[in-house]
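J.: Please find one structure pasted underneath; my questions will follow.
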Amino acid sequence: MPTGKLIRNKKWFKGAPLKDIFLDNSFVLDMEEPMPHCTLSDEQLGLELYIYPDRAYPYLQVYTPDHRKSIAIENLSSPPDSFNNKMGLIELGPEDSQAFQTRYRIAKMEKKEVKKSFWSSIFG
């Protein structure tokens, strides 16, 4: 997105393993789709993290570092370099304000989905 160009990629619509995938990408969220807009799963532990951004956060930045011991998932009000490309840029006057909210939920996965560890598959 720093170029201002959007590339449609359906790979992530239904979820996909992150093993051997290195990301430093922004994604435009379809706010008309049902929530959550992001789910991170650990199949060995049987846990999922659900991310529910409000409409003020229509972009998601995902970064997987080379060491694979962590992942960064961040809601953004605009994509990277929005000061230059103007995509999603929100300009507020001196007396204006803008509220942003994201909810997170951790839940147990259903037994039928529990398989191999998400963390060991991407970081192991």
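Readers should treat all values here as calculations from the given coordinates under stated rules, not as data from a laboratory. The structure presented is a predicted model; accordingly, all values stated were derived computationally and were not measured. Using ideal geometry, Cβ is built from the backbone for each residue, glycine included, and neighbour counts are taken over all protein chains shown.
J.: Search the structure for amide H atoms under 5 Å from the amide H of Leu29, placed 1.01 Å from N in the peptide plane, and list their residues when 5 or more places away or on another chain.
T.: Result for Leu29 returns Tyr59, Leu60.
J.: Just how large is the dipole of the chain about the Cα centre, in debye to the nearest 20, putting +1 at every Lys and Arg Cβ and -1 at every Asp and Glu Cβ?
T.: 700
J.: Please arrange Tyr104, Tyr59, Tyr52 by counting, for each residue, the other beta carbons lying within 10 Å of its beta carbon, fewest first.
T.: By the 10 Å Cβ count, ascending, the order reads Tyr104, Tyr52, Tyr59.
J.: By its C-alpha gyration tensor, with a ≥ b ≥ c as the square roots of the eigenvalues, how is the stretch 1-64 shaped: rounded for a/c under 1.5, else prolate for a/b larger than b/c, else oblate?
T.: oblate
J.: Still on this structure: For the chain, what Kirkwood radius comes out of the mean inverse Cα-Cα distance, in Å?
T.: 16.1
J.: Right, next: For Thr102, Thr64, what ranking results if the residue with the fewest other Cβ atoms within 10 Å of its Cβ goes first?
T.: Final ranking by Cβ density, sparse to dense: Thr102, Thr64.
J.: List, in order, the whole-Hz ³J(HN,Hα) value for each residue of the stretch 27-44 obtained from phi through the Karplus relation with A = 6.51, B = -1.76, C = 1.60 and θ = phi - 60°; use x for Gly and Pro.
T.: Result, rounded to whole Hz: 10, 7, 8, 8, 6, 7, 6, x, 7, x, 8, 8, 10, 10, 10, 10, 5, 5.
J.: Ok, one more. Based only on other Cβ atoms within 10 Å, what is the fewest-to-most ordering of Asp30, Asp66?
T.: Asp66, Asp30
J.: Restricting to DSSP H runs of at least four residues, report the calculated mean residue ellipticity at 222 nm for the chain, -39500 (n - 2.57) per run over all residues, nearest 500 deg cm²/dmol.
T.: My calculation for the chain gives -1500 deg cm²/dmol from helical runs alone.
J.: Moving to a separate point now. By the gyration tensor of its Cα atoms, with a ≥ b ≥ c the square roots of the eigenvalues, what is the shape of the stretch 42-109: rounded for a/c under 1.5, prolate for a/b over b/c, or oblate?
T.: Oblate, since a/c reaches 1.5 and b/c is not below a/b.
J.: So, in nm, how far is label Asp66 from label Asp30 when the simple model puts each one 7 Å beyond its Cα toward the Cβ?
T.: 3.6
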